[in-house]
Amino acid sequence: MNEAIDENKLVEIIERYRENPHATVAILQDIQDEYNYLPKPALIKVSKEFNVPLTRLLSVATFYNAFSLTPRGKYQVNVCLGTACHVRGGERIMNKVEKELGIPRGETTEDLNFSLDAVRCLGCCGLAPVMMVGDDVQGKLKESKVPSILENYKQ
Ligand code: FES
């Protein structure tokens, strides 16, 4: 996979933390926000610039679920399969989303627009079945609503 990245954005992030080199998690968070994952060239540069072993950065990256070492989509789609959503057809919603995006849960679309995962309760069971697309909660879902919802986030 080509891991060429926009170095200017990375340099900006590094400069932001120049005076605060121990803020490893915050640095990685900003890189994740910028690229939607932690590109290896970025981790190598952070390791050199802040004199932090690469192995330490990788262990932080794998410890926190918020970080990904593989490219993620611009929009994270989380379909709830918790109990309340399950009994109200969450699995059917998931199947429909998988079909619409053309990927199974756990994967990312080739255009890097969507990553899809199953989650166990989004904390709004009264709206079951529920999914989140990016920061947006989509509740009281029906399979028939899924295509038009996803269409709003397509590039
Ligand atoms: S079980 Fe789906 S939001 Fe709680």
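Structure above, values below:
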| quantity | calculated |
| --- | --- |
| Considering only region 28-155, percent of DSSP beta bridges that pair antiparallel, nearest 5 | 55 |
| Cut-off under 5 Å, modelled amide H: who pairs with Gln76 long-range | Ser115, Gly134 |
| Over the chain: Kirkwood hydrodynamic radius from C-alpha pairwise inverse distances, Å | 16.9 |
| Whole-angstrom Cα spans of region 75-151 along principal axes, big to small | 33, 21, 19 |
| Low-density loop positions, trypsin sites (Lys or Arg not before Pro), region 93-135 - DSSP coil, at most 14 other Cβ in 10 Å | Arg120 |
| Nonlocal amide H pairs with Val119, under 5 Å, H built at 1.01 Å | Val79, Cys80, Leu81 |
| DSSP loop GluC sites (Glu not before Pro) with at most 13 other Cβ within 10 Å excluded, longest remaining stretch of the chain | 20-109 |
| In region 65-155, the chymotrypsin sites (Phe, Trp or Tyr not before Pro) that fall in loop regions by DSSP, at most 15 other Cβ within 10 Å | Tyr153 |
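Here, each number is a calculation from the coordinates, and none is a lab measurement. Note that the structure is predicted; figures quoted are calculated from it, not measured. Virtual Cβ from ideal backbone geometry, glycine too; neighbours counted across all protein chains shown.
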